[in-house]
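Here the structure is laid out as structure tokens; the discussion comes afterwards.
The values are calculated or read from the model by the stated rules, or taken from the named source; none is laboratory data. Please read these numbers as outputs of a predicted model, since none were measured by experiment. In this analysis, Cβ positions are derived from the backbone assuming ideal geometry, glycine residues included, and neighbour counts consider all displayed protein chains. In case anyone asks, the SASA skips ligands and DNA or RNA and just uses the protein heavy atoms, side chains included. Shrake-Rupley method; radii C 1.70, N 1.55, O 1.52, S 1.80 Å.
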Amino acid sequence: MLVLAIETSCDETAAAVVRDGRVVLSSVVSSQIAIHAEYGGVVPEIASRKHLEMISPVISQALREAAVALSEIEGIVVTRGPGLSGALLVGFSVAKAVAFACGIPYVGVHHIEGHIFASSLEQPLEFPFLALVVSGGHTHLYHVEGVGRYTTLGRTIDDAAGEAFDKSAKIMGLEYPGGAKIDALAQGGNAAAVHLPRPMIHDGTLKFSFSGLKTALMQHVAKHPVSIPGQAASDLCASFQLAVCDVLESKTRAALEQTGAARLVVAGGVACNSGVRSTMARLARERCIELHIPRPSLCGDNAAMLAVPGNYYLEQGLFSAPDQDVTANWEMDRIKEIFL
Ligand code: KG4
Ligand code: ZN
């Protein structure tokens, strides 16, 4: 099956053409980061307007790069939620319109469902597995038994890991989104230089909390201002990154023990982080389990990842209704409500 996938949930306008939910013929991502950086974060109104401007050229480019005509597309997959309503609406409306005009089905999938399956575009992934999703809006552990079969084991009670990275970066004077900038600065730093808390690390639950860590970093910066670049900034970044990695490692280890999972998937933008990647590689070696972390270009937001669950649903005849709406807040446990 030849599928066109569309993603507009936040600040990336993306489209991809994927065959059989496995072979990526094209994947185009147009980022708005430079525009939002000026404001220190994503401005929803600007995001929607930019999606509107870019959606058509991005889809055309995806079809051109795949050397596929629109008439050859057999189904449309689009992010239905969660995300910014106005941003989601652009991709969702276009998906519906194209599906209607071409007389083909469309299905609205969960953005995180896409992240979880991104790594299966690189290598086969068997069920069941444990998924750690670390992105700008999510820090969640899921037990995954199949496409559409997700059980939430734990989640953040406040900030997501990516949010903590971005807010801490902002406190240090780094431009939005600062996650990757902290990662780069941390390379030359001493992670033992600044003692920062590891919130809820030993509380015996699979819940995460990162807002206290961000506050501790803020208090440290108030007493010891950092200039960038500089050794003090690198030390602080390395210390912060290690604190996040320690918490992610501890909770993931506990979830692996609880579920007995033999496979671990790490997904979402923060899975690009060098510390997260090496921490999870060590954990997987220690427990002798399979580790799936996609290459960085598949960790961040893209449309190709949506085609994996989307293709599955379309092949099962599970389509979305023409009058369906986007869902800004949508728990994975309620995923079945997408279908006709
Ligand atoms: O999955 P994603 O592209 O978008 C969401 O669905 O949220 O994740 C974006 C998040 C941002 O918070 C960004 O700062 C973070 O991923 N990120 C990183 C790195 N690269 C991206 N955080 C830490 N280290 C990185 N190398
Ligand atoms: Zn995402």
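When G83, G41 are checked against the criterion of being open to solvent by less than 50 Å² (accessible area, probe 1.4 Å), farther than 21 Å from Y312 by Cα, touching a helix residue (DSSP H, G or I) at 6+ places or on another chain (Cβ under 8 Å) and modelled with pLDDT under 95, a single residue qualifies: G41. Within region 106-124, restricting attention to residues that are surrounded by 18 or more Cβ atoms within 10 Å (Cβ to Cβ) and farther than 14 Å from R80 by Cβ, the residue that is nearest to the chain's Cα centre (by Cα) is H115. Within the option set G173, G137, G154, G189, being touching a Gly at 6+ places or on another chain (Cβ under 9 Å) and either outside any strand (DSSP E or B) or modelled with pLDDT of 95 or more (or both) holds for one residue only, G137. Looking at region 1-27 only, could you name the residues that are over 16 Å from the mean Cα position of the chain (by Cα), among the hydrophobic types (A, V, I, L, M, F, W, C) and not in a strand (DSSP E or B)? M1 - this is the single residue of region 1-27 that is over 16 Å from the mean Cα position of the chain (by Cα), among the hydrophobic types (A, V, I, L, M, F, W, C) and not in a strand (DSSP E or B).
Looking only at residues of region 277-294 that are in contact with a strand residue (DSSP E or B) (Cβ under 7 Å, 6 or more places away or on another chain) and either without any contact (Cβ under 8 Å) to a residue 24 or more places away in the chain or in a helix (DSSP H, G or I) (or both), we find that the one that is surrounded by the fewest Cβ atoms within 10 Å (Cβ to Cβ) is A281. None of D333, D246 is open to solvent by 30 Å² or more (accessible area, probe 1.4 Å), over 19 Å from Y150 (Cα atoms) and in a helix (DSSP H, G or I) except D246.
Could you say which residue among G212, G269, G260 is closer than 30 Å to A304 by Cβ and either in contact with a His (Cβ under 9 Å, 6 or more places away or on another chain) or modelled with pLDDT of 95 or more (or both)? Even if it seems obvious, please write down each step before you answer.
Values: G212 fails: closer than 30 Å to A304 by Cβ; G260 fails: closer than 30 Å to A304 by Cβ.
Within the list G212, G269, G260, the selection yields G269.
Restricting to region 255-276, count the residues that are more than 16 Å from ligand 2 (Cβ to nearest atom) and part of a helix (DSSP H, G or I). If you could, list the steps in order and put the result at the bottom.
The first filter runs over region 255-276 and keeps only residues more than 16 Å from ligand 2 (Cβ to nearest atom), leaving 255-264, 274-275.
Then drop every residue that is not part of a helix (DSSP H, G or I), which leaves 255-259, 274-275.
Going through region 255-276 one residue at a time, the tally reaches 7.
Within region 250-274, the set of residues being crowded, with 20+ Cβ neighbours inside 10 Å and of a type outside the set (A, V, I, L, M) comprises K251, T252, G268, G269, C272, N273.
Here A62, A95, A15, A99 are screened, and the one residue that is surrounded by 21 or more Cβ atoms within 10 Å (Cβ to Cβ), without any contact (Cβ under 8 Å) to a residue 40 or more places away in the chain and in contact with a strand residue (DSSP E or B) (Cβ under 6 Å, 6 or more places away or on another chain) is A99.
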